[in-house]
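Enquirer: Following this message is one structure expressed as structure tokens.
Taken together, the values in this text are just the output of simple stated rules run on the coordinates, not laboratory data. Just so we're clear, the structure is a prediction, and the values are computed from it rather than from any experiment. Cβ placement follows ideal geometry from the backbone for every residue including glycine, while neighbour counts extend to all protein chains displayed.
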Amino acid sequence: MKSLTDCYKLANGVEIPCIGFGTWQTPDGDVCVSSVQAAIAAGYRHIDTAEMYENEDSVGKAIKECGVSREELFVTSKLNNTEHGYEKTMAAFEGTMEKLGLKYLDLFLIHWPNPIAFRDHWQEANAGTWKAFEELYKAGRVRAIGISNFRQHHIEALMETATVPPMVNQMKLCPGETQEEAADYCRSRNILLEAYSPLGTGQIFQVPEMQELARKYGRSIAQICIRWSLQRGYLPLPKSVNPARIQENANVFDFELEASDVQLIADLKGCVGYASDPDTRTF
């Protein structure tokens, strides 16, 4: 990967830009609009949102007003935890499209595999949701479909009734948290790994090993994290509302981490915490 417009190729042949701009915890309104527009101006062509983020309206406004054609952009959203099941999924998708103001979506994900509202029948609920996803995909409303926060047993349950396999699994993948079992399972099935929270948390800036690597390469800790993510074969989704940091996070294509440093970062176990267990989360 040599630029923001270089792409991974999904299992169905659809190309997806190698770094996405994340909007989790970006408040709806002017802050979201301006940050998405700043990202597009900086060269990002991949924007990631979700119904649960409550900012789809602003993401849609930013896209409409950004001056870049819709066809040049790759837009992802995700199904809300309360809307699993066939009918609810179909209605939620229409709501997402209305808020975004788009005629088609590039990627639609099931946000969590086992939300509290469906905990006693999550397999059935996911099967109904995936049936809706497949219909939307085959109808051309969505160019690719996938999952988020799924572990191996969730994917295996989904595939008992699926006819189209998921093309993406968006997971928490960051220094010290590589979720190897789920990641290896996805790789073996040509499911692209997207990395949300690629820096983990703000704690990353206090990790001595990361401070030393930043000095070694003459880069920010954020840039080291994003570069590490790319070299691990992930698709990172950094977020910021600061235009200077948005640009800085994109400037990761003119250096490379040594293989030993890539492993060092992976081995910083728990340095910024671990991913939540989707089977015990209370939402």
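Enquirer: Over all directions, how big on average is the projection of the convex hull of the alpha-carbon atoms in the chain, in square nanometres?
Expert: 13.6 nm²
Enquirer: Stretched out fully, how many nm does the piece from F205 to T161 gain, at 0.36 nm a residue minus the Cα gap?
Expert: Full-extension gain reported as 11.4 nm.
Enquirer: What's the local net charge at V164, with K and R +1, D and E -1, over the other residues with C-beta under 9 Å away?
Expert: That sum, taken over residues with Cβ under 9 Å, equals 0.
Enquirer: When every alpha-carbon pair in the stretch 56-163 is counted, what percent end up more than 21 Å apart?
Expert: I get 34 percent for the Cα pairs in the stretch 56-163 exceeding 21 Å.
Enquirer: Here's something else I'd like to know. Could you pull out every residue, at least 5 positions away or on a different chain, whose amide H is within less than 5 Å of the one on L79? Hs are placed 1.01 Å off N in the peptide plane, and Pro or chain starts have none.
Expert: L109, I110, H111
Enquirer: Here is a follow-up. Under a point spin-label approximation (7 Å from Cα along Cα-to-Cβ), what is the S3-I116 distance to one decimal in nm?
Expert: 4.7 nm
Enquirer: Now, a different point. If one takes the longest principal axis of the Cα atoms in the chain, at what angle in degrees, from 0 to 90 and to the nearest 10, does the Cα axis of helix 86-100 lie?
Expert: 50 degrees
Enquirer: Taking amide H atoms as placed 1.01 Å from N in the peptide plane, list the residues 5 or more away in sequence, or in a different chain, whose amide H sits under 5 Å from that of E256.
Expert: none
Enquirer: Let me ask something additional. So who's got an amide H within less than 5 Å of the one on F21, skipping anything under 5 residues away but keeping other chains? H placed 1.01 Å off N, in plane.
Expert: Long-range HN contacts for F21: H46, I47, D48.
Enquirer: Could you go through the stretch 104-114 in sequence order and give the Karplus-derived ³J(HN,Hα) for each residue, using 6.51 cos²θ - 1.76 cosθ + 1.60 with θ = phi - 60°, rounded to whole Hz, and x for Gly and Pro?
Expert: Result, rounded to whole Hz: 8, 10, 7, 8, 10, 10, 6, 5, 9, x, 9.
Enquirer: Now a separate question. So how do 104-116, 237-249 stack up, highest first, on mean other-Cβ count within 10 Å?
Expert: Per-residue mean Cβ counts within 10 Å order the peptides as 104-116, 237-249.
Enquirer: Then there's this: Among residues other than L268 whose Cβ falls under 10 Å from its Cβ, what is the net charge (Lys/Arg +1, Asp/Glu -1)?
Expert: -2
Enquirer: Kindly express, to the nearest 10 degrees and within the range 0 to 90, the angle between helix 221-231's C-alpha long axis and the longest C-alpha principal axis of the chain.
Expert: 60 degrees
Enquirer: What pairs in K2/K78; K2/K216; K2/K61; K64/K172 have C-alpha atoms more than 25 Å from each other?
Expert: K2/K78; K2/K61; K64/K172
Enquirer: If each DSSP helix of 4+ residues adds -39,500 (n - 2.57) and the sum is divided by the residues in the chain, what number results at 222 nm, nearest 500 deg cm²/dmol?
Expert: It lands at -11500 deg cm²/dmol.
Enquirer: When the label point is put 7 Å from the Cα of Y86 along its Cα-to-beta-carbon vector, which residues of the stretch 105-138 have a backbone N closer than 18 Å?
Expert: 121-138
Enquirer: Add +1 for every Lys or Arg and -1 for every Asp or Glu among the other residues with Cβ under 12 Å from the Cβ of A92, and state the total.
Expert: With Lys, Arg at +1 and Asp, Glu at -1, the neighbours total -3.
Enquirer: Order these peptides, 1-12, 49-60, 69-80, by their mean beta-carbon neighbour count within 10 angstrom, highest first.
Expert: Ranked from most to least packed, the peptides come out as 49-60, 69-80, 1-12.
Enquirer: While we're on this one: Could you give each residue of the stretch 138-143 its phi-based ³J(HN,Hα) in whole Hz, using Karplus coefficients 6.51, -1.76, 1.60 with θ = phi - 60°, and x for Gly or Pro?
Expert: Each residue of the stretch 138-143 in turn: 5, 7, x, 6, 10, 7 Hz.
Enquirer: On to the next question. If you scale each eigenvalue of the Cα gyration tensor by 5 and take the root, what three semi-axes come out for the stretch 140-283, rounded to whole angstrom and sorted largest first?
Expert: After diagonalising the Cα gyration tensor, the semi-axes are 29, 17, 14 Å.
Enquirer: Note down the magnitude of the dipole of the stretch 66-128 about its Cα centre, charges +1 on Lys and Arg C-beta and -1 on Asp and Glu C-beta and zero elsewhere, to the nearest 20 debye.
Expert: The calculation lands at about 120 debye.
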